[in-house]
Amino acid sequence: MKIYFAGSIRAGRQDVDLYIELIKHLQGYGEVLTSHVGNSEISAYGEKGISDHDIYERDMDWLRQADVVVAEVTNPSLGVGYELARAEELGKRVLCIYRPQEGKRLSAMVSGNRRFAIKEYKELEEGKKTIDDYLQAA
Ligand code: 6IA
């Protein structure tokens, strides 16, 4: 299985440690095309040595190849929102996982889309279980 994991990069790296663990878990199911999303050396400023155009083309190519998209959407990110819309257009299976935050709500453009599976969770172990339930139900 080819898995496209989406998580915030320039919109903020506060959840990178969580992304790392989620990606490790997903690697038990197949190839995670976007494992750099969990690279703690990539700051909110981004990767060095690759142009934005190349990042865009590379990521869109991976998205086309993916069998499933898993997005951690707690930290709102333009890039992740864009990837979700393109994934929908490409007819991909999409799981969005989200940790409810005091005083914030997930964008209705994500939570209101019935083509996406949206699952709330509180901490890593529950997040992994949510992924298991989704991927094993396929
Ligand atoms: O808007 P954001 O940067 O938070 O968007 C994050 C999402 O877009 C992730 O799910 C990635 O798949 C994708 N993405 C955004 N930036 C990059 C990136 N480097 N490398 C790979 N994927 C990315 C950033 C920039 C750099 C050259 C300075």
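Quick notes on this structure:
- Of the chymotrypsin sites (Phe, Trp or Tyr not before Pro) in the range 9-57, the ones in a loop by DSSP (not H, G, I, E or B) with at most 12 other beta carbons within 10 Å are TYR45.
- Loop chymotrypsin sites (Phe, Trp or Tyr not before Pro), the range 78-138 (other Cβ atoms within 10 Å of the site Cβ: 14 or fewer; DSSP): none
- Result for the chain in a Gaussian network model with C-alpha springs under 10 Å: among ILE55, ILE97, ILE20, the largest mean-square fluctuation is at ILE55.
- Given the chain, longest segment not containing exposed loop trypsin sites (Lys or Arg not before Pro) (DSSP; at most 16 other Cβ within 10 Å): 49-103
- The range 40-89 and the range 100-132: distance between their alpha carbon centers, rounded to Å: 18
- Of all the options SER40, SER51, SER77, the one that moves most in a Gaussian network model of the chain with Cα springs shorter than 10 angstrom is SER51.
- Cβ-derived FRET efficiency at R0 35 Å, MET60 paired with GLU126, nearest 0.05: 0.65
- Mean separation of Cα contacts under 8 Å (6+ apart) over length of the chain, as relative contact order %: 27
- Spacing of the modelled spin labels on SER43 and ASP15, each 7 Å from Cα toward Cβ, amounts to 2.2 nm.
- Value of relative contact order over the range 1-61, rounded to a whole percent, pairs C-alpha under 8 Å and six or more apart: 43
- Working from Cα pairs under 8 Å separated by at least six residues, relative contact order for the range 79-138 is 32 percent.
- The range 89-138: GluC sites (Glu not before Pro) in DSSP loop, at most 12 other beta carbons within 10 Å: GLU102, GLU123
- Overall form of the range 30-79 per C-alpha gyration tensor (a/c, 1.5; a/b vs b/c): oblate
Values quoted throughout were computed directly from the atomic coordinates according to the rules given, and no laboratory measurement underlies them. These figures come from a predicted structure and were not determined experimentally. Glycine gets a Cβ as well: all are built from the backbone with ideal geometry, and neighbour counts include every protein chain shown.
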